[in-house]
Structure formats: C-alpha cells, structure tokens
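Worksheet: one structure, shown below.
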Amino acid sequence: MCKKLRGVMMVAVVLSVALALSGCPEKTTQTVLLSTDLDAEKAFVVSKGGIDVETIESLVVTLTEISLDRVGGGAGGNRVIAFSGEKDIELLDLMGVSEIISTANIPAGTYTKIRLSIENPRMILTANPEEVITNIHLTADSRLFVSETFVVPENQNSLIILDFQGIHLVATGDDGKYVWTPQLRALISVEPADVLLDGRIVSVAPDAETMEISIGDDAEPVLAHYGDADIFLLNDADTPTGTAADLTAGTRVVVEGVLNVTGEVVAEVIWVLE
C-alpha cells in the first residue's frame, strides 16, 4: 500500500465507521482517498482551447461538502455527510502528500454515490504569475458526482480509494472565461487497512511518539505512531504494563494497528517480545 500511495496527488477524508454488531457497537476507521493523477497527458483533456497542465502555476478550489449515498438508510435517510465546512485545496501542490480534511461517523453498508461540492476556483498561469484567474465556471452545479457501488464492510478497517480519471479545463473564447469539468468517471476500491507488523525497532523519536520498525532485509522500515497504543510486556496477561520507555532500538515487537493515508501505521496494541 505504501508504494501505491506514493507519487499521486491526493486529498484524504478520514471517516470513523460505527459498526452495529449484535448489540455491541464498535468503531473502526475508514480512510477515503480522493486522488487525482495530474499527469499532463491524462489529467487535462486535450480539446479545442484545452489548457496544458504545464502552463498552470496554481489551481485552488474550496471544498464545502462531501457526502455519500447509502442503500437502505432507514429513518435517518440514505445521505451520509462526511465533511461540511470550507477547505481550500491546492491541487498542484499535493503531489505525494496526504491531508486529513475531516472525521465523521458513517455506518458500514453498501454505497452507490460519492458527492463533492466545490466552489471558488482560482488559477494562476505560469505566463502571468501576478494574475489570479477567478472567471472559471464549474459545471454540474459545482458538484462532482461519482456513481459507483461499493461496500464498506463491517468489523474491518478499510482504505476506500477514489481515483479520479482527470480534470477537464477549457477556454470558452477570447473573453478570458474558462469552464472546468472534473471528469465524473472514477475507480473505487476498498482494501483492508488493518496491519500486523513483526520486526525490530530501528529508531525511536520520543517527542513525536513514533518509531521505525524493520520488517525484513529487503523492505524499508515502517514508521509507527505509538502514542495511544497499549503496550504489553512478556509477562502481561490482560493488563498492559509497558510504557514508551520499553520501546528501544533493537527490541523485537509485534504491532497491531491501522495503515493511514501516508503509508504509516497508527499502533493500537504493541507486544514487546524481549
């Protein structure tokens, strides 16, 4: 997953999914990745008056809402709001970077649509870096609809990957107006985000509450956040007695946690084996 997340422009929405399991509600973390590959040949559709991505210095929009349509929503309705507010997104500066936008509770189940509301697009061209172009019309009532059925499973931390196929930006004439139409086709996949690491601690950063774990000779060390984790020592049974002081370089550990959007692991339980 780490390799898959590298080299793409992405915006992330972290959704905590409430699971109703036989009278014992549980919560798990769902991560939605809204990614756009801004390759010049793919991202901006070539057409009459088409804009080459290499001529754009900056392209910013304000995201105001993200909602999902769920099958069988019951009395609460089938529209689930994942984000509501205002968040500026610089599309061209997010290469290889993930940004958490919001946290919301959504139920597990089957979904048929993801809807993004955007407004206030601002563009700067490399040929005229002093001018901010705001005369950009957004189609579809400033909403992006992605219609595809996908399932958020119960009792599983998941990465929901929404991969847009490009951005369509064209000039409408000599009056300086533009029309921006994000393509509505997207690929959606749901992948498990639960991870179990078995390796040795390479280094520890106490101030950041992180540690690097070597999981094999041919693999890069994995960065794990341990601040909220329960730490069990060898003689512990039901109660963790370990502390951050037990996490030292060279120590073998087993880490159970969740992979986040940056390819790092948020540890939930750590077993110190030495």
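The values are calculated or read from the model by the stated rules, or taken from the named source; none is laboratory data. Everything numeric in this text was worked out from a predicted model, so none of it was measured. A quick note on method: Cβ atoms are made from the backbone with ideal geometry, for glycine too, and the neighbour counts reach across all protein chains shown. The protein model used for the area step is the full one, side chains on, heavy atoms only, and it has no ligands, DNA or RNA in it. Shrake-Rupley method; radii C 1.70, N 1.55, O 1.52, S 1.80 Å.
The HN-Hα couplings worked out from phi for segment 217-234 by the Karplus form 6.51 cos²θ - 1.76 cosθ + 1.60 (θ = phi - 60°) are 5, 9, 9, 6, x, 9, 8, 10, 8, 10, x, 9, 7, 7, 10, 9, 9, 4 Hz, whole numbers, x standing for Gly and Pro.
Straightening the chain between Val151 and Thr110 buys 14.3 nm, computed as 0.36 nm per residue apart minus the Cα-Cα spacing.
Can you tell me which of 56-67, 229-240 comes out highest on packing, and rank the rest after it, using the mean Cβ neighbours within 10 Å?
Final packing ranking: 56-67, 229-240.
With the simple spin-label model, which puts each label point 7 Å out from Cα in the Cβ direction, the Glu90 to Ser203 separation comes to 2.7 nm.
Assuming R0 = 41 Å, can you tell me the calculated FRET efficiency for the pair Arg79 and Thr55, based on Cβ-Cβ distance, to the nearest 0.05?
Once rounded, the FRET efficiency stands at 0.60.
Residues in segment 237-265 near a label at Glu274, defined as backbone nitrogen under 18 Å from the 7 Å Cα→Cβ point? Answer for this model: 243-255.
Of Val170, Val204, the order by accessible heavy-atom surface (1.4 Å probe, DNA, RNA and ligands excluded), from most exposed downward, is Val204, Val170. Segment Thr251..Asp228, full-extension length gain: 6.4 nm, with 0.36 nm per residue of separation and the alpha-carbon distance subtracted.
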